[in-house]
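Input: a single structure, listed below in structure tokens.
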Amino acid sequence: MFEPFMGEEKPAETPVAEAKPAEEATAVTATLRVLILGASGMLGTDMADEARRRGWDVKTPPHEELDISKPDHLEKLRVQDWGNLDWVINCAAYTAVDKAETEFWLAQALNGTAPGILAMICKRNKQGFVHISTDFVFDGDAAEPYNEDHETRPQSKYGQSKRFGELNVQKENADAIIVRTSWLFGPNGKSFPRTLINRWREGKSLHVVADQTGTPTYTADLARTIADMVERRVSGGIYHAAGPDVMTWRDLAEKAIFAWRAHFGPAEQAVDVHGIATTDWPTPAKRPPYSALSTAKVQALGIPPMRPMGDALGEFVSRLGPDAPTA
Ligand SMILES: NC(=O)c1ccc[n+]([C@@H]2O[C@H](COP(=O)([O-])OP(=O)(O)OC[C@H]3O[C@@H](n4cnc5c(N)ncnc54)[C@H](OP(=O)(O)O)[C@@H]3O)[C@@H](O)[C@H]2O)c1
């Protein structure tokens with residue numbers, strides 16, 4: 001009857017990223033040719049939409065046609081069978097956080113090994129490479145939002161596989177852009193807010209973990225930030241990109257349901273979300289108790305922060321529509 005979270009995942013000085021000169025940063029003249037991996041996923045769908053909205057020439061090979069764990073598929077990318085590309089954006093991953101505890105080899109293959117090979121291919125082909133990583137690379141002992149230089153210490157197999165991927169990407173391609181994000185939600189997949197909204201609509205009791213804190217991130221806003229980074233051709237390295245509001249899973253549940261109720265009602269149905277402790281809802285994979293991400297480095301590039309959570313949730317629920325089918 002308790003409601004689990006469904007999320008996957010002492011700062012030093014505020015880092016200041018190396019921004020390109022203004023003329024260069026905005027000078028996107030030719031149409032960008034971009035291949036998006038994992039374009040059927042929660043982030044990938046919004047990434048592809050955002051890329052098309054900007055007029056980019058977008059390829060979205062399905063998993064079956066470009067499986068990042070298959071050497072012959074990667075070879076086709078290497079020899080440019082997918083055409084001339086300016087960028088590859090990797091939203092593909094193994095994202096089953098709890099299952100990774102018993103399928104570590106698979107998580108490692110997709111999240112650890114494959115990203116390094118993709119990074120190497122892009123370097124050889126002189127293509128930009130964006131790879132997505134996670135707040136779950138941290139141990140959760142911090143008291144304020146993590147910046148990019150903070151020591152990593154993943155607490156789960158999933159977190160280990162993602163950290164392994166970061167290291168492999170950096171080893172193979174110093175120009176690669178690694179975007180760490182957190183607590184994703186969007187209309188194109190299973191997400192915690194969606195699950196909680198549906199439970200509330202069904203009149204079920206809501207007991208949600210209240211001692212884990214993070215920065216929920218709306219996939220459409222993250223896609224916009226990633227696209228801005230691509231258009232500005234930011235220097236290679238790790239960047240944190242996440243929503244601006246720090247909150248617990250319980251807070252997020254409440255805000256999501258309020259957003260739903262404001263759009264679709266019924267106004268008279270109470271929103272009663274009870275906080276529970278992580279120990280009341282044991283999961284195979286350990287989550288960091290605190291994993292908020294500082295986005296100061298991205299903002300120092302002139303890229304605006306994402307919308308406040310209330311606005312992002314408002315758009316999210318309106319995209320779900322009044323039926324909010326279970327993903
Ligand atoms: N979800 C979160 O809360 C969260 C938080 C922080 C970071 N992240 C990171 O953000 C990124 C996007 O996450 P997401 O939640 O959008 O993931 P998702 O919805 O689970 O989508 C994963 C995508 O990867 C594809 N894929 C899986 N295995 C593949 C393979 N072997 N070859 C090619 N494609 C494959 C899937 O295709 P099929 O569906 O066809 O298999 C799907 O399109 C990931 O790197 C994830 O680690 C996620």
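When shorter helices are ignored and each DSSP H run of at least 4 residues is given -39500 (n - 2.57), the per-residue value for the chain at 222 nm works out to -10000 deg cm²/dmol.
Given +1 at the Cβ of Lys and Arg, -1 at the Cβ of Asp and Glu and no other charges, the dipole of region 85-179 around its Cα centre is 540 debye to the nearest 20. Counting only the Cα atoms, region 73-123 fills a convex hull of 73 Å³ per residue.
The equivalent ellipsoid of the chain has semi-axes of 32, 21, 20 Å, largest first, where each one is the square root of 5 times an eigenvalue of the Cα gyration tensor. In this simple spin-label model, placing a label point 7 Å from the Cα along the Cα-to-Cβ direction at both residue 278 and residue 79 gives a separation of 4.8 nm.
Each residue of region 143-157 is assigned a 3J(HN,Hα), and the resulting list reads 10, 9, x, 5, 9, 5, 8, 5, 4, 9, 7, x, 9, 9, 5 Hz, derived from the Karplus form 6.51 cos²θ - 1.76 cosθ + 1.60 (θ = phi - 60°), x at Gly and Pro. In plain terms, the C-alpha convex hull of region 185-255 casts an average shadow of 5.8 nm² when viewed from every direction.
Each of 271, 130, 169, 230 was scored by other Cβ atoms within 10 Å of its Cβ. Arranged with the fewest first, they read 271, 230, 130, 169.
In this structure, the amide hydrogen of residue 131, modeled 1.01 Å from its nitrogen in the peptide plane, lies closer than 5 angstrom to those of 90, 177, 178, 179, counting only residues at least 5 positions away or on a different chain.
Using the Stokes-Einstein relation with a Kirkwood hydrodynamic radius computed over Cα pairs, the translational diffusion coefficient of region 234-287 at 4 °C and a viscosity of 1.567 mPa s comes to 89 µm²/s. If the limit is 23 Å between Cα atoms, which of 162/297; 171/297; 157/297; 99/286; 123/190 go over it? In this structure, 157/297; 123/190 exceed 23 Å between Cα atoms. Within straight-line reach of residue 76, meaning a Cα separation under 12 Å, sit the following aspartates and glutamates at least 8 residues removed in sequence or on another chain: 65, 67.
For region 199-310, the C-alpha radius of gyration sits at 1.28 times the compact-globule guess of 2.2 N^0.38 Å, with N the residue count. Bridgeable aspartates and glutamates around residue 126 (alpha carbons under 12 Å apart, same-chain partners fewer than 8 residues away excluded): 86, 175.
In plain terms, the residue of 211, 86 with the fewest other Cβ atoms within 10 Å comes first and the most crowded comes last, giving 211, 86.
Readers should treat all values here as calculations from the given coordinates under stated rules, not as data from a laboratory. All values reported here derive from a predicted model rather than from experimental measurement. Positions of Cβ are generated from backbone atoms using ideal geometry, with glycine treated the same way; all protein chains shown enter the neighbour counts.
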